[in-house]
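FYI, it's all coordinate maths here, none of it is from the lab. As the structure is a computational prediction, the values presented were derived from the model and not from experiment. Ideal geometry is used to build each Cβ from the backbone, glycine not excepted, and the neighbour counts take in all protein chains shown.
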Amino acid sequence: MSIFRRLFGKKSETSDQVPNQERGKYMPEIKLPADERFTINFKANGGKFLYCENLDEIKESFNAILTENDWQDKKAFLIDDRLKELFKDLSLNSTNKISESSYFLSTCEYLISDDGSLLISSNQIAEKKLKELPHHFIIYATTSQFVENIGEGLKGIKEKNKNKIPTNITTIKHFKTADDKDFLTYGSSAKDLYLLLLEDL
């Protein structure tokens, strides 16, 4: 059962699993489900996510992000035309010039559970480098995009794009603001990132 259904009020059956403290000390640890691991790791990386059960909630959450940051009249850097269609009734103001934009609106390839990162490619960012993109990201994704690790994500990209494998494949992992830099994030392009996550399973 999805962690999001458990967190947001759907009643679940009582679990028959033995709690970790009652298991023998040499028993392997119980591995958390992919969605739960992603959530923990993503938040630890400094990401902000809004779980939505339908497209109406996605649009409400998107509007709330724009209001919170005073971006209603600002332009979004947008490469993916499907998002233009998705948010068309919200009068989305978009541009294909980074210099004119306040935030980057995009999809991603996969959500990586093991480290809470987002796998992206030229399908989302063309041939741009992460550091060239706006500091603020709004990413739209679905719960069917969870994978265990980067290897599984790369395999999925290859299977989906048999005719032409995208280039510029990378992960976004550090979402903390520039003020939060430490030696572990030195040299990375930390982004202020919102994830709009749609339940589609």
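Between Ile165 and Leu32, what length comes free when the chain is fully extended (0.36 nm per residue of separation minus the Cα-Cα distance, one decimal in nm)? Present the calculation step by step, with values, prior to reporting the outcome.
Working: separation 133, 0.36 × 133 = 47.88 nm, distance 3.14 nm.
Net length gain for the segment: 44.7 nm.
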Distance (nanometres) between label positions extended 7 Å along Cα→Cβ at Glu148 and Arg82: 2.6
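Between Asp200 and Ser99, what is the FRET efficiency for a Förster distance of 45 Å, r being their Cβ-Cβ separation, to the nearest 0.05? Don't jump to the answer; show the numbers that get you there.
Values: r = 35 Å, r/R0 = 0.77.
The pair Asp200/Ser99 has a calculated efficiency of 0.85.
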Karplus-derived HN-Hα couplings along region 57-67 (A = 6.51, B = -1.76, C = 1.60, θ = phi - 60°), whole Hz, x at Gly and Pro: 5, 4, 5, 4, 5, 4, 4, 5, 5, 4, 5
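Rounded, prolate or oblate: pick one for region 53-201, where a ≥ b ≥ c are the square roots of the eigenvalues of its C-alpha gyration tensor, a/c under 1.5 means rounded, and failing that, prolate if a/b is larger than b/c, else oblate. Please report the intermediate quantities before stating the final value.
Values: a/c = 1.43, a/b = 1.16, b/c = 1.23.
Verdict is rounded for region 53-201.
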Whole-number percent relative contact order across region 31-180, with pairs defined as alpha carbons under 8 Å at least 6 apart: 29
Burial ordering of Glu109, Glu36, fewest other beta-carbon atoms within 10 Å first: Glu36, Glu109
Separation in nanometres of the label points that stand 7 Å from Cα toward Cβ, at Ser91 and Ser122: 3.7
Thr67-His135 pseudo-label distance in nm [points 7 Å out on the Cα-to-Cβ vector]: 2.5
Cα-centred dipole magnitude for region 31-180, charges only on beta-carbon of K, R (+1) and D, E (-1), debye, nearest 20: 620
